[in-house]
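Novice: This is the structure I have questions about; it appears just below.
The values are calculated or read from the model by the stated rules, or taken from the named source; none is laboratory data. Keep in mind that what you see is a predicted model, and the values were worked out from it rather than measured. Every residue, glycine among them, receives a Cβ derived from its backbone with ideal geometry; neighbour counts consider all protein chains shown.
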Amino acid sequence: MSRMVNCVKLGKEAEGLKMPTYPGELGQKIFANVSNEAWQMWLKHQTMLINEYRLSPIDPKARKLLEGEMEKFFFSDDSAAPEQFVPPQQ
């Protein structure tokens, strides 16, 4: 049986992550409160941020920025795409 969480991003009970996906206190908070579906949404959002801001995930400043954006994405309403971002046409 899957582990269920009350997902803070989706506002509903959903299948939780199988294991922590990020280290430290933030990782534990995500593991306890974020669904697998919401995590997949974050991965897409993170990829967009890396591409739009031309970030290197190994750069400590970029990692700090992404960690802050991750916290906002899941636990506040302050997360947004960069102003110049234009979603791809489908």
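Novice: Which one is modelled with the lowest pLDDT, of the residues in region 1-60 that are on the phi < 0 side of the Ramachandran plot and of a type in the set (Gly, Ala, Ser)?
Specialist: The residue in question is SER2.
Residues are listed down the side, and each one gets a yes or a no for (1) over 29 Å from GLN84 (Cα atoms); (2) surrounded by 10 or more Cβ atoms within 10 Å (Cβ to Cβ); (3) over 16 Å from the mean Cα position of the chain (by Cα):
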{"position": "GLY16", "(1), (2), (3)": "yes, yes, no"}
{"position": "PRO20", "(1), (2), (3)": "yes, yes, no"}
{"position": "GLU25", "(1), (2), (3)": "yes, no, no"}
{"position": "LYS29", "(1), (2), (3)": "yes, yes, no"}
{"position": "TRP39", "(1), (2), (3)": "no, yes, no"}
{"position": "ILE50", "(1), (2), (3)": "no, yes, no"}
{"position": "ASP59", "(1), (2), (3)": "no, yes, yes"}
{"position": "MET70", "(1), (2), (3)": "no, yes, no"}
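Novice: Pairs, please: C-beta under 9 Å, at least 6 apart or cross-chain, first residue under 14 Å from GLU67 (Cβ atoms) and in region 1-28, second surrounded by 13 or more Cβ atoms within 10 Å (Cβ to Cβ) and among the small types (Gly, Ala, Ser)?
Specialist: Close Cβ pairs (under 9 Å, with a partner that is surrounded by 13 or more Cβ atoms within 10 Å (Cβ to Cβ) and among the small types (Gly, Ala, Ser)) amount to THR21/GLY27.
Novice: While we're looking at this one, here's another question. I need every pair where a residue in region 31-49 that is touching a residue at least 24 places away in the same chain (Cβ under 8 Å) and among the hydroxyl-bearing types (Ser, Thr, Tyr) has its Cβ under 7 Å from the Cβ of a residue that is outside any helix (DSSP H, G or I) and buried (at least 17 other Cβ atoms within 10 Å of the Cβ), sequence separation at least 6 or different chains.
Specialist: Close Cβ pairs satisfying both conditions: SER35/VAL5; SER35/CYS7; SER35/ALA14; SER35/GLY16.
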